[in-house]
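Please treat every number below as a calculation from the coordinates, not as lab data. Keep in mind it's a predicted model, so treat the numbers as computed, not measured. When we count neighbours, we look across all protein chains shown, and the Cβ atoms used for this are built from the backbone with ideal geometry, even at glycine.
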Amino acid sequence: MNALDYLILIGTLLGIAAYGMWRTRGRRDLRGYLSGDGTAGWFGIGLSVIATQASATTFLSTPGQGYQGGLGFVQNYFGGPFAMILIAAVFLPIFRRLKVLTAYEYLGQRFDRKTRLLAAGIFLTQRGLGAALTIYAPAIVLSGVFGWPLNLTIVCTGLVCVAYTVAGGSDAVRLTQQWQLGVIFAAMAAAFFLLLARLPAGLGDTFALAGAFNKLQAVDLSTDAGHVLRERYTFWSGTLGGFFLALAYFGTDQSQVQRYLGGASLRESRLGLIFHAVCKIPMQFFILLLGVLLFVFYQFEPAPLLFARTSQERLAQLAPPEKLKKVEADFTAAQAAQTRELQAWLAARKSNDTTAAQAALAAAQAAHDRGEAARKDATELLKATKPPTTASEADNVFITFILHYLPHGLIGLLVAAFFAAALNSKAAELSALASCSTVDFWRPFFASGANDAHSVLVSKGFTVFWGAVAIAAALGANLVENIVQAANIVGSLFYGPVLGLFLLAFFTKRVGGTAAFWGAVAAQATVLALYWAGEHYAAWKIGYLWFNLIGPMLCVGFSLLLQAAQGFAPRQTEEKT
Amino acid sequence: MPSPSPEPNDDDPGVPLFRSWCGVYAFVVACFTVTVGLLAWLTFSSR
């Protein structure tokens, strides 16, 4: 990055943050601070919902998923549109009619205080963990590539975010998200078209090559039960598990509920959700396709042995020189052979020589496998040096391409886009964590009669508190999974039982608070036990998306059983909040 | 405790082009079907 890139990076981020703070200056009432001033239109809500979900990991790590595993990850989002329909039709009208500030306030009205606190507590726990991840994820990639100190990157990102979330509340988050998303889409589109322009093969050849390397397997319709249960992404797990994941995330996670509760009317909020339902899968497809195109690009262009700069430097300094030299020689030879064979493949396709094309492609694939084996050896050498935390190789692919092949100015804009995405989702999370802490815990227990100005002040205090917790947790984090997957796994483990509570609240009339509470506790314990068993015993392994289905089913089942044991008496009227 | 129901609030004038919200939801399902159909075509044509 040169001076122009830094100027664009800092100017973009500070400009957007200042805009959010200026537009929402002087806000004093609690509802306005936590939910917005109730003037948001559908487009703003839709963008805000997309921006809250799409953290930096979406734009940094998802192309890496495409590069490594192809388009299959898009199935993760197949259940989303159906979840959005259910939320728009059922959840949203109820939330709006009851004028709740947090989704868990509704559980307090429908069941009792302990059930509300349980759901709010699970949200604070899992979102607190997730909040650390949204700072940590981009910081580790960007610090790895640029050589910035990791801890300094985490602290600076966290502080900027806390500053404008504290200053402006929910509306500042929404207003800045729109501009940030504009920067992100502009930068990603520019990167996409520049990559297309730099591809050495035509579009038909590019797709043929991607297909030959199994990168275009977007839909897995296999009906083999074992395969469907264990494979991470299939049409069935993506549609069913993804439906429950999206239902839980958009319908019960305060960071999302807060985004659409601020709509000017029910219609605007609903259309915002519909906008997301229609746009999300195509958006994820194009981001994954970017990764697939990167894969093809690096089959023709020289790729580094390891993508992360810090990993390369560490390898050069600490790995045994003889072993490293051999790995590098193997890798270079494999790459040269692969490029040579692929040029022969292109020439054979041009002259319609099918036999020669097949032979060249098979030789290129063999060379590719030798190159990947050399990369694996390099990773083993790196592991032997006991490195501090590094992001997975795939997470570094896109940013490495940006730095080596895109013009200055655009590099600054793209790095600004990654930070903007990190700030987007981080700010929404902090705002939601502060809302939940204030409305569900602090006000009922410590200040039921407090005025709005005082509550806003407390909410700002909680924003700072959760910002500090997230920064501290990010400083101590250690990840081995692909980042975007790690975020989804954490969500899948905790969302199910909370979603079960909401489903009980919406669709049953005679289950009381005590049965719902203990049903949710038992369901959460069972989900965690199943995940632990899967991690330790292969026979118990279940694709994580299925936990989004198992969790609510267990919660609903346990609660109904408990209520049946008590007898389906009239609805409980114990301690309501 | 108000009884939960999926009935919309009175601040919902509907969406032009669609007769009701059911039409909007049918539109979403149609978009999903077309998108997944295209992805399935891409999958099977690349094998």
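At-a-glance table
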| read-out | value |
| --- | --- |
| Cα-projected label distance for A:L203 with A:F43, points at 7 Å along beta-carbon direction, nm | 2.7 |
| Hydrodynamic radius (Kirkwood) for the range A:43-146, which is based on Cα pairs only, to one decimal in Å | 16.7 |
| Hits among lysines - C-alpha to C-alpha of A:K350 under 19 Å, sequence gap 8 or more where chains match | none |
| Potential lengthening between A:K541 and A:L14 on full extension [0.36 nm per residue; Cα-Cα distance subtracted] | 185.1 nm |
| Karplus-derived HN-Hα couplings along the range A:514-525 (A = 6.51, B = -1.76, C = 1.60, θ = phi - 60°), whole Hz, x at Gly and Pro | 5, 5, 5, 4, 6, x, 5, 4, 5, 5, 4, 4 |
| Options A:Q68, A:A163, A:V511, ranked by Cα towards positive dipole end of chain A, top entry (Cβ charges) | A:V511 |
| Where only C-alpha atoms are counted, convex hull volume of the range A:314-450 per residue in Å³ | 221 |
| Percent RCO, i.e. relative contact order, over the range A:320-384, from Cα pairs under 8 Å lying at least 6 residues apart | 45 |
| Fully extended contour minus Cα-Cα distance, from A:E313 to A:D224, at 0.36 nm per residue | 27.5 nm |
| Cα→Cβ-extended label distance, 7 Å offset, between A:E301 and A:L196, nm | 1.7 |
| Relative contact order %, chain A, counting alpha carbon pairs below 8 Å whose residues are six or more apart | 31 |
| For the range A:393-408, 3J(HN,Hα) per residue [Karplus equation, 6.51 cos²θ - 1.76 cosθ + 1.60, θ = phi - 60°, Hz, x = Gly/Pro] | 3, 4, 5, 9, 5, 5, 5, 5, 4, 4, 5, 8, 10, 9, x, 4 |
| The range A:264-414: relative contact order in percent, alpha carbon pairs under 8 Å with at least 6 residues between | 29 |
| Cα-based shape type of the range A:491-532, given that a ≥ b ≥ c are square roots of the gyration tensor eigenvalues and the cut on a/c is 1.5 | oblate |
| Proxy reagent accessibility, fewest Cβ within 10 Å first, across A:S311, A:S237, A:S269 | A:S311, A:S237, A:S269 |
| Burial ranking of peptide ranges A:423-431, A:255-263 (average Cβ count within 10 Å, highest at the top) | A:423-431, A:255-263 |
| Dipole in debye (nearest 20) - the protein assembly as shown, about Cα centre, beta carbon charges: Lys, Arg +1; Asp, Glu -1 | 820 |
| 222 nm mean residue ellipticity, helices alone, for chain A (DSSP H n ≥ 4; -39,500 (n - 2.57); rounded to 500) | -25000 deg cm²/dmol |
| For the range A:320-384, average projected area of the Cα convex hull in nm² | 4.0 |
| Reachable lysines, given that their alpha-carbon falls under 25 Å from the alpha-carbon of A:K509 and they are not under 8 places away in the same chain | A:K99, A:K114, A:K576 |
| Unsatisfied cross-links (Cα-Cα over 18 Å) in the set A:K326/A:K386; A:K323/A:K376; A:K323/A:K383 | A:K326/A:K386 |
| Under Karplus coefficients 6.51, -1.76 and 1.60, residue-wise ³J(HN,Hα) of the range A:239-249 in Hz, glycine/proline x | 7, 7, x, x, 4, 5, 4, 5, 4, 5, 5 |
| Estimated FRET transfer efficiency (B:F44, A:D369; beta-carbon r; R0 22 Å; 0.05) | 0.30 |
| Spin-label proximity, A:A186 to the range A:390-415 - amide N less than 19 Å from point 7 Å beyond Cα toward beta carbon | A:406-415 |
| Amide hydrogen neighbours beyond the local backbone of A:A40, cut-off 5 Å, H modeled | A:A264 |
| Alpha-carbon Rg with Dmax, taken over the range A:306-350, Å | 15.0, 46 |
| Solution diffusion estimate, µm²/s, Stokes-Einstein, the protein assembly as shown, Kirkwood Rh from C-alpha pairs, 20 °C, viscosity 1.002 mPa s | 84 |
